[in-house]
Structures are given as structure tokens and as C-alpha cells.
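Undergrad: Sending over a structure as C-alpha cells; questions will come in a sec.
The values are calculated or read from the model by the stated rules, or taken from the named source; none is laboratory data. What you are looking at is a predicted structure, and each value in this text was computed from that prediction instead of being measured. Neighbour counts are summed over all protein chains in view; Cβ atoms, including those assigned to glycine, are modelled from backbone coordinates with ideal geometry. Calculation scope for accessible area: heavy atoms of the full protein, side chains included, ligands and nucleic acids excluded. Shrake-Rupley method; radii C 1.70, N 1.55, O 1.52, S 1.80 Å.
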Amino acid sequence: MTQSYFPIFWNTDSGTALVVGGGEDAVRKVRLLVAAGARVHVVAPGAVAEIEAYADEDRITLSRRPVQDSDIAAAAIVIAATGIDTVDSHCAATAQAHGVKVNVVDRPDLSTFIVPSIVDRSPILVAISSAGTSPVLARRIRERIEATLSPNLGKLAEFAAGLRDRVAERLSDGRKRRAFWELFLDGYGAEGVLGNRPDTGRQAADELLDTLSRDEKPKGRVTLVGAGPGAADLLTLRALRALQRADVIIYDALVGPDVLDLARRDAFRLYVGKAKGRHSYSQDRINGILIDEARRGSYVVRLKGGDPFVFGRGGEEISALRDADIEVDVIPGITAATGAAAALRLPLTQRDVANVVSFATAHPAAGQAEPDFSALADPKQTAVIYMGKTKASEISAALIKQGRRPDTPVAVIENATLPDQRILTGTLGDLPAVTSISDLTGPALIVIGDVVSEADLSTSESLTEAAAKDRAVA
Ligand code: SAH
């Protein structure tokens with residue numbers, strides 16, 4: 001039968017922790033105890049170098065001799081880690097006789113307490129135990145918690161502690177104080193502290209205190225969040241946190257369902273991308289929605305494929321929000337170019353091959369007939385073209401006219417990083433064939449430059465063959 005445990009945290013000021021043994025098991029426990037600020041007494045006839053070093057630095061007391069019953073009686077807790085059955089059993093029995101809590105490493109049957117796996121964000125401490133049923137499972141859980149908790153969580157706890165008196169002073173009503181903490185911890189102030197911007201935290205706290213003490217509704221806010229190229233696990237941890245905090249999520253076509261699955265369940269979601277038979281929302285309309293939702297007091301996440309600032313119109317949204325006096329910040333995402341490059345093991349720059357990389361779009365700016373590709377002429381430049389599929393012929397002709405070799409290698413990557421990723425390769429001269437591949441309907445990038453020859457193209461198809469096949473079917 002599985003043993004049951006009740007978790008408690010031991011106050012390290014309340015006594016001495018005795019570690020019996022000087023080997024590897026002992027040192028692991030000593031490390032944890034020292035990190036927790038405990039007073040540690042190690043008793044062992046011989047100890048490994050790390051324990052000797054702790055003793056030299058006066059961080060522990062080391063008695064180089066066999067353990068005595070008086071050592072055990074004087075301790076608040078005992079960890080027996082000699083690995084010698086008779087010694088460990090004796091320690092356990094003596095400790096129990098003196099009412100001292102004892103743990104024998106890997107012997108829950110002899111122990112009155114066990115030591116959990118921990119995630120340390122002091123003063124926040126997460127302890128995990130599988131009650132000995134599966135240490136590996138406990139470790140997996142620990143890794144998952146490690147990954148989801150910001151490394152700066154401890155800083156946030158300290159920040160909150162520093163704020164408590166002021167909050168109590170400004171808000172006498174207990175309900176309002178609770179509202180303050182909920183809004184603060186869910187909002188951009190906490191995000192600021194976690195992102196090493198304590199000034200943002202202070203500013204947010206001040207604003208919130210003003211708002212609540214005047215009985216006003218808290219101000220909303222918008223964060224532009226880069227959703228990455230498609231695969232959900234290419235989101236940044238910061239983007240994930242924003243998604244889990246959002247009241248409202250406004251997203252477009254390039255954001256996949258796997259990414260949305262990570263958002264807060266009860267967030268209001270609005271799709272503003274193109275859909276079959278329906279017009280997409282105009283940029284003005286999207287700006288209007290962002291402003292309205294923020295004015296209503298919501299935390300709005302504007303979720304965009306890739307990075308918000310790479311052909312994402314992030315700049316336009318920011319200036320509209322600024323004009324409306326709404327606070328906005330930006331969380332970067334992996335842009336399609338770097339996502340695709342990684343998927344193909346394609347270095348975008350490479351010594352002697354490419355010393356410039358350009359992200360360009362084949363879409364002309366409003367009021368202009370054609371995009372200008374003169375900046376992409378340099379043969380040692382990698383050109384990554386976004387939204388270029390339908391303009392492949394123009395791109396090919398323009399770059400060749402600029403002097404790039406027709407045999408410059410080219411890769412077209414559709415649905416980069418997603419399960420249905422497709423790679424087509426050929427030369428700059430072949431590029432126009434792209435337009436006759438009818439089933440190339442997903443988002444696609446065109447990468448032009450000698451670095452393409454460095455890529456792993458084992459799963460690629462030939463551009464010209466794919467186009468020819470298509471014609472044969474037609
Ligand atoms: N802000 C986005 C780009 C938006 S423009 C970013 O940083 O990635 C839209 C274009 O991005 C598409 O037409 C396509 O060229 C490219 N794109 C976006 N996601 C892609 C993907 N998974 N695979 C290939 N191209 C992609």
C-alpha cells in the first residue's frame with residue numbers, strides 16, 4: 001500500500017539539520033539544505049571534496065568521526081545517508097526514540113519524513129512528491145513546472161511583499177485589497193516585474209491604487225503577441241503567459257488552433273482573418289476593436305502569426321492605440337523566416353556565402369504598382385520573401401535583371417514548422433513554376449541565395465517537377 005504524507009515546510013531557523021554520511025547521497029542533501037539557509041552538521045569519518053569545501057567555507061559544521069547518539073539527540077531533523085544498513089537503521093531508531101524527525105535516503109520504510117523534488121523560486125517554493133511511487137514521474141512534473149514558472153517569480157513575490165504596506169494604507173476595504181492583488185498579478189504590472197522591468201510594476205501598481213481608491217474601473221491594455229510560425233511549442237514563455245492572462249484574444253489566419261488551445265479557457269476570442277466567402281476585417285476595423293475592448297477595461301492580446309513587427313502591421317496598430325491613449329506593449333515571436341530556416345537546417349547567413357539577410361515582401365505598398373527589389377541584388381545576400389507566391393515570376397525576373405545568377409538556389413517552404421510542411425527547391429530561373437503548382441495553398445516563403453545549398457533538402461521536391469506534374473493532372 002502506498003504510504004500517505006502530509007506536506008510541511010521546515011523552518012530552517014528552528015534548529016540544526018544533521019546529515020550522517022559523507023558520500024554522494026549526503027552531498028546532494030547538504031547542497032539543498034545549504035541553499036535553503038539551514039544550519040547543517042555533517043558527521044562522517046570521511047567526506048567528498050564538496051562537503052570538505054563547504055566546511056572550509058564555514059557554511060557547515062563537519063565532524064570527521066562516526067556518528068554518536070548525542071549528535072542525533074541535538075538535531076531538529078536527521079538525514080541518514082551513509083548507505084550502510086546498520087548505521088542508517090541505528091540513526092533512524094535513535095532519532096525516533098528522541099522524537100527527532102528522520103529521513104533515510106531511499107528507505108521510506110525507515111523514515112518519518114521524505115524530501116520532495118522542488119522548484120525553487122525563493123521565496124516561492126514548489127514541492128512535489130509521488131510518495132515514492134515514481135520518482136521519475138515526479139521529476140517530469142518538476143520539469144514541467146520549472147518551464148511554466150518564470151525564473152523571476154521570486155522577484156515578483158518580493159515585489160508584492162514590498163507593496164503590502166502601501167496597499168493596506170491606500171485601500172482600507174479588504175475586498176478592494178483583494179481586487180488589487182488579483183488585478184495586479186494578472187496584469188501588465190506583474191508582467192513587467194517578471195520581465196525585469198520593476199518600473200513598469202511600480203507604475204501599474206500606482207495606477208491601480210488610484211483607480212480602485214477612486215472607485216473607477218481599471219484601465220484596459222493591449223499586448224501585441226507574436227504567435228510564431230505555427231508550431232505551438234515555438235511560442236515564447238512570455239507569450240504563453242500573456243495568452244493565459246488575456247480577457248480578449250484577437251487573432252488572424254496564421255495563428256493555428258494548437259496555439260489558441262494554450263489560451264485562457266474563458267477568454268473571448270475573435271477571429272479577424274480572411275475566411276472563404278467572407279471579407280477579412282480592414283485594419284481600421286481591427287484597430288477600432290482593439291481600442292473598444294481596451295476601453296472596456298479588458299486585457300487584450302492581439303495575437304499575430306510570426307513576429308508582430310515583421311510584415312505584421314504591428315506598427316500601425318501601435319500608433320492607433322497610442323492616439324487613443326491606450327497602453328500597449330509587444331512580445332516578439334519567431335518569424336516565419338527563422339522558423340523555416342530552422343526546419344530546413346538552412347543558415348540564413350554563413351561566412352563567405354551570405355553576409356546579409358533581408359526580409360522582403362512582394363506585396364507592393366499602397367499606391368505603388370510594383371515592389372522594388374533593387375536592394376536584393378547583392379550575390380552574398382540571402383533574400384527571404386514573404387507573401388511572394390503569386391509574384392514569383394516578377395521576383396525572378398526582377399532579381400535576374402538586378403544581376404543575380406539564374407542558377408542561384410531557391411527554396412519555397414509552405415506551412416513551415418507545421419506537420420504539413422512542404423519544401424520545393426530549384427533555381428531563381430525556375431521560380432516562376434511556383435505559380436502553376438495549384439495545391440500550394442498554405443502560407444509560403446521564398447528563400448533565395450547560395451545558403452540554400454547548405455540546407456538539408458532530403459525531404460524537398462523539385463519545383464519544376466511539381467509544376468509539371470500539376471500540368472499533367474490538369
Ligand atoms: N508576421 C509574420 C508574417 C506575416 S505576413 C511573421 O513574422 O512570420 C504573411 C506571410 O508570412 C505569408 O504569406 C508567408 O509568406 C509567411 N508565413 C507565415 N507563416 C508561415 C509558415 N508557417 N510557413 C511559411 N510561410 C509563412
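Undergrad: Taking the condition of being in contact (Cβ under 8 Å) with a residue 24 or more places away in the chain and either under 30 Å from Ala336 (Cβ atoms) or among the β-branched types (Val, Ile, Thr) (or both), how many residues in region 181-219 meet it?
TA: Residues in region 181-219 being in contact (Cβ under 8 Å) with a residue 24 or more places away in the chain and either under 30 Å from Ala336 (Cβ atoms) or among the β-branched types (Val, Ile, Thr) (or both): 6 in total.
Undergrad: Please count how many residues of region 365-378 are within 14 Å of the ligand (Cβ to nearest atom) and acidic (Asp, Glu).
TA: Number of matching residues: 0.
Undergrad: Here is a further query. Just checking, which of Asp420, Asp407 is within 28 Å of Thr464 (Cβ to Cβ), of a type in the set (Asp, Glu) and within 28 Å of the chain's Cα centre (by Cα)?
TA: Going through Asp420, Asp407 in turn, the sole match is Asp420.
Undergrad: Among the residues of region 413-420, are any assigned to a strand (DSSP E or B) and touching a Pro at 6+ places or on another chain (Cβ under 9 Å)?
TA: yes
Undergrad: Another question, if that's okay. Of the numbered conditions (1) open to solvent by less than 80 Å² (accessible area, probe 1.4 Å); (2) assigned to a loop (DSSP other than H, G, I, E, B); (3) of a type in the set (Asp, Glu), Asp372 satisfies every one except a single condition; which is it?
TA: The failed condition is (1).
Undergrad: Quick one: which residue in Asp352, Asp323, Asp329 is closer than 22 Å to Leu270 by Cα and charged (D, E, K, R)?
TA: Asp329
Undergrad: Would you be able to say whether some residue in region 379-402 is in contact with a His (Cβ under 6 Å, 6 or more places away or on another chain) and either within 12 Å of the ligand (Cβ to nearest atom) or part of a loop (DSSP other than H, G, I, E, B) (or both)?
TA: Yes: region 379-402 contains one or more residues that are in contact with a His (Cβ under 6 Å, 6 or more places away or on another chain) and either within 12 Å of the ligand (Cβ to nearest atom) or part of a loop (DSSP other than H, G, I, E, B) (or both).
Undergrad: Let me confirm something: among Val48, Val20, Val42, Val27, which residue is within 24 Å of Leu125 (Cα to Cα) and of a type outside the set (Gly, Ala, Ser)?
TA: Within the list Val48, Val20, Val42, Val27, the selection yields Val27.
Undergrad: To continue, here is another question. Taking region 311-328 as the search range and keeping residues that are surrounded by fewer than 21 Cβ atoms within 10 Å (Cβ to Cβ) and among the charged types (D, E, K, R), which one is nearest to Pro229 (Cα to Cα)?
TA: Arg313
Undergrad: Among the numbered criteria (1) away from the ligand (no atom under 14 Å from the Cβ); (2) in contact with a strand residue (DSSP E or B) (Cβ under 7 Å, 6 or more places away or on another chain), which single criterion is violated by Ala362?
TA: (1)
Undergrad: Scan the helices (runs of 4 or more DSSP H) fully inside region 142-260 and keep the ones with 3 or more residues being farther than 18 Å from Ile124 by Cβ and open to solvent by 40 Å² or more (accessible area, probe 1.4 Å).
TA: Hits in region 142-260: 153-170, 174-186, 198-213.
Undergrad: Taking region 403-438 on its own, how many of its residues are open to solvent by 60 Å² or more (accessible area, probe 1.4 Å), farther than 19 Å from Ala377 by Cβ and away from the ligand (no atom under 15 Å from the Cβ)?
TA: Qualifying residue count, region 403-438: 1.
Undergrad: I would also like to ask the following. Across region 455-473, what is the total count of residues that are open to solvent by 90 Å² or more (accessible area, probe 1.4 Å) and closer than 17 Å to Asp407 by Cα?
TA: 1
Undergrad: In region 332-357, which residues are away from the ligand (no atom under 14 Å from the Cβ) and either part of a loop (DSSP other than H, G, I, E, B) or of a type in the set (Ser, Thr, Tyr) (or both)?
TA: Hits for region 332-357 are Arg345, Pro347, Thr349, Arg351, Asp352, Val353, Asn355.
Undergrad: Right, something else. Take region 292-310 and flag every residue that is within 12 Å of the ligand (Cβ to nearest atom), crowded, with 24+ Cβ neighbours inside 10 Å and aliphatic (A, V, I, L, M).
TA: Within region 292-310, just Leu303 meets the criteria.
Undergrad: To continue, here is another question. Please state which one of Arg264, Arg313, Arg241 is away from the ligand (no atom under 12 Å from the Cβ) and out of contact with any Ser or Thr (no Cβ under 8 Å at 6 or more places or on another chain).
TA: Arg264
Undergrad: Taking region 228-252 as the region of interest, how many residues are free of Cβ contacts under 8 Å to residues at least 60 places away in the same chain and out of contact with any Asp or Glu (no Cβ under 9 Å at 6 or more places or on another chain)?
TA: The total comes to 5.
Undergrad: Considering only residues that are within 16 Å of the ligand (Cβ to nearest atom), closer than 30 Å to Asp352 by Cβ and outside any strand (DSSP E or B), which ones fall in region 440-456?
TA: Val452, Ala455
Undergrad: Next up: In region 43-58, which residues are touching a residue at least 24 places away in the same chain (Cβ under 8 Å) and surrounded by 13 or more Cβ atoms within 10 Å (Cβ to Cβ)?
TA: Result: Val43, Ala44, Ala47, Val48, Ile51, Tyr54.
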